[in-house]
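> Take this structure, written in C-alpha cells, and hold onto it; I'll ask about it next.
The values are calculated or read from the model by the stated rules, or taken from the named source; none is laboratory data. Keep in mind it's a predicted model, so treat the numbers as computed, not measured. Cβ placement follows ideal geometry from the backbone for every residue including glycine, while neighbour counts extend to all protein chains displayed.
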Amino acid sequence: MEKLNVKAYAKINLSLDILGKRKDGYHEIYTIMQSIDLCDILEFERNEEIKLICDDEKVPKGEDNLIIKAVKILKERYEKEGVLIRLNKKIPLAAGLAGGSADAAATIVALNKLWDLSLSEEEQKEIALKLGADVSFCLEGGTKIARGVGEILEDLKTPQLDLLIIKPDIEVSTKEIYQEWDKLNIKSQNCTAAAIQAVNKGNLYEIAKSIGNDLEIVTSSKFKVVQKIKSELLKKGALGCAMTGSGPTVYGIFDDPKKLEKAYVDLKENYGFVAFAKTIGKGLEFYD
C-alpha cells in the first residue's frame, strides 16, 4: 500500500462538567463527546522523510503539530521510514472542535495500515493517550460518555442532530481557560447526568434543553461574542445551544430545516466560520 486518504471528523461536547484539578495537573471531567460531519482531509503517502503539507498557513508544520508528534512516536517505536502527509484543513484552529486531535487519530490509524504495523485497538489507544485525551475519543468517535481526563469512554447512542456551527474570528487557549477556571474556583453545573438521560430517551427537545458547558462561563467572560452568538442562534430558532470544549465555537440544535437555513444565511457574513453539521457515528473514515 503506497497511499491512503482519510477523513478526520470534528467533535462537539453535548455537555462538559469540570470536576476538579488532579495531582498530575490535568482536570477531571465528565462529558458527552459527539462526532460531527465537519472534517479535515488527510492523504498519506510513503516517503523517505517526514513531511507535512497543509493548505492553511496558520497550521504549524513542526514539532507543535499533533500529526508530526504521532508520526514520530510510531516511526521511532517501529523503526519505519518517513511519510508525506497532505492536509486539507477544514476544521477551524483553536476552536474547541478537536481538529488537531482528529488529525492525530487519523495519523495513527493510517500509518498502522500504510506501514503494516498490525497494532491492536489497545495499542492504538495507548499511543493516542500520549498525544491527548481527545485523540483517544477521535479514534472511535460517535457518541461517548468520557470520564477521567477524557480517556475513559463509554458508548452512548444519540438521535441525529442538525446543527449550525459558529466560530467567531478569535482563537482561545485551552490552557488559559482552565487556569482561569481554577483561579475562579467555580463549581460545576453538573449538566452531564441530565444530558445522558435526555440522550438515552432519544428526545431531541430534552437533549437541546440539557446541553451545557462549565467552561462557557470563563470563555464568555473574556470574549462577550460567545453569549452574543448563543443569543442570536436562539432568536433564529435554535432549540438549544452551547459552547464546545474551551471555545470559542458555539453550536445550535435545530428541528426546522428552513429556520436552520435562514440562520445560516443571516449569520454567515457576521462571523469567521459558519457551517451546517450533522452528528455522526464515527471519528474517521478511509475513502478512495
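> Enumerate the pairs (first residue in the range 79-104 and on the phi > 0 side of the Ramachandran plot and in a loop (DSSP other than H, G, I, E, B); second residue anywhere and among the acidic types (Asp, Glu) and buried (at least 24 other Cβ atoms within 10 Å of the Cβ)) with beta-carbon separation below 9 Å, excluding pairs fewer than 6 apart on the same chain, so at least 6 apart or on different chains.
What qualifies is Ala98/Asp134.
> Select from the range 264-287 the residues that are in a loop (DSSP other than H, G, I, E, B) and charged (D, E, K, R) and write down the one among them that is farthest from the chain's Cα centre (by Cα). Break it down stepwise before answering.
Going residue by residue through the range 264-287, those that are in a loop (DSSP other than H, G, I, E, B) are 268-272, 280-283.
This time we only want the ones that are charged (D, E, K, R), so: 268-269, 282.
On the way: Lys268: 21, Glu269: 24, Lys282: 12 Å.
Within the range 264-287, the match that is farthest from the chain's Cα centre (by Cα) is Glu269.
> Output yes when any residue across the range 103-126 is closer than 17 Å to His27 by Cβ and either surrounded by fewer than 21 Cβ atoms within 10 Å (Cβ to Cβ) or modelled with pLDDT of 95 or more (or both), and no when none is.
Looking only at the range 103-126, we keep the residues that are closer than 17 Å to His27 by Cβ, and these are none.
No, the range 103-126 contains no residue that is closer than 17 Å to His27 by Cβ and either surrounded by fewer than 21 Cβ atoms within 10 Å (Cβ to Cβ) or modelled with pLDDT of 95 or more (or both).
> If you scan the range 44-78, which residues turn out to be among the aliphatic types (A, V, I, L, M) and within 19 Å of Gly99 (Cα to Cα)? Walk me through it before giving the result.
If we filter the range 44-78 for residues that are among the aliphatic types (A, V, I, L, M), which is where we start, we get 50, 52-53, 59, 66-68, 70-71, 73-74.
Leu52, Ile53, Val59, Leu66, Ile67, Ile68, Ala70, Val71 - these are the residues of the range 44-78 that are among the aliphatic types (A, V, I, L, M) and within 19 Å of Gly99 (Cα to Cα).
> Let me ask you something else. For the range 157-194, which positions are in contact with a helix residue (DSSP H, G or I) (Cβ under 8 Å, 6 or more places away or on another chain), closer than 29 Å to Phe273 by Cα and not acidic (Asp, Glu)?
Pass one, the range 157-194, residues in contact with a helix residue (DSSP H, G or I) (Cβ under 8 Å, 6 or more places away or on another chain): 157-159, 161-162, 164, 166, 168, 170, 172, 177, 180-181, 184, 186, 191, 194.
Keeping just the survivors that are closer than 29 Å to Phe273 by Cα gives 157-159, 161-162, 164, 166, 168, 170, 172, 177, 180-181, 191.
If the condition is that a residue be in contact with a helix residue (DSSP H, G or I) (Cβ under 8 Å, 6 or more places away or on another chain), closer than 29 Å to Phe273 by Cα and not acidic (Asp, Glu), then Lys157, Thr158, Pro159, Leu161, Leu164, Ile166, Pro168, Ile170, Val172, Ile177, Trp181, Cys191 are the ones that fit.
> So, in the range 195-246, exactly how many residues are surrounded by fewer than 17 Cβ atoms within 10 Å (Cβ to Cβ) and outside any loop (DSSP other than H, G, I, E, B)?
Final tally of qualifying residues: 13.
> Might you check whether a residue that is free of Cβ contacts under 8 Å to residues at least 60 places away in the same chain and closer than 22 Å to Tyr178 by Cβ occurs anywhere in the range 209-217?
First, pick out the residues of the range 209-217 that are free of Cβ contacts under 8 Å to residues at least 60 places away in the same chain: 209, 216-217.
Of the ones still in play, those that are also closer than 22 Å to Tyr178 by Cβ are 216-217.
Yes, the range 209-217 contains at least one residue that is free of Cβ contacts under 8 Å to residues at least 60 places away in the same chain and closer than 22 Å to Tyr178 by Cβ.
> Under the condition of being farther than 17 Å from Gly99 by Cα and of a type outside the set (Asp, Glu), which residue from the range 165-184 is surrounded by the fewest Cβ atoms within 10 Å (Cβ to Cβ)?
That would be Lys183.
For every residue, the table says whether it meets (1) in contact with a Pro (Cβ under 7 Å, 6 or more places away or on another chain); (2) of a type outside the set (A, V, I, L, M); (3) over 14 Å from Leu161 (Cβ atoms).
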residue: Asn203; (1), (2), (3): no, yes, no
residue: Leu215; (1), (2), (3): no, no, yes
residue: Glu232; (1), (2), (3): no, yes, yes
residue: Met243; (1), (2), (3): no, no, yes
residue: Asp256; (1), (2), (3): no, yes, no
residue: Val265; (1), (2), (3): no, no, yes
residue: Lys268; (1), (2), (3): no, yes, yes
residue: Glu285; (1), (2), (3): no, yes, yes
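> Got at least one residue in the range 122-134 being more than 23 Å from Thr244 (Cβ to Cβ) and aliphatic (A, V, I, L, M)? So that I can check it myself, show each step before the final result.
Taking the range 122-134 as the starting set, the residues that turn out to be more than 23 Å from Thr244 (Cβ to Cβ) are 122-124, 126-127, 130.
Keeping just the survivors that are aliphatic (A, V, I, L, M) gives 127.
Checked the range 122-134: at least one residue is more than 23 Å from Thr244 (Cβ to Cβ) and aliphatic (A, V, I, L, M).
> Could you grab the pairs with beta carbons closer than 6 Å, sequence gap of 6+ or different chains, first residue in the range 31-46 and within 23 Å of Leu74 (Cβ to Cβ) and assigned by TED's automatic domain parsing to the domain that holds Ala110, second one acidic (Asp, Glu) and modelled with pLDDT of 95 or more?
Asp40/Asp103
> Condition first: in a strand (DSSP E or B) and on the phi > 0 side of the Ramachandran plot. Now tell me which residues in the range 14-73 satisfy that. Lay out the reasoning, then the answer.
First, the residues of the range 14-73 that are in a strand (DSSP E or B): 14-21, 27-47, 51-54.
The answer is Gly20, and nothing else.
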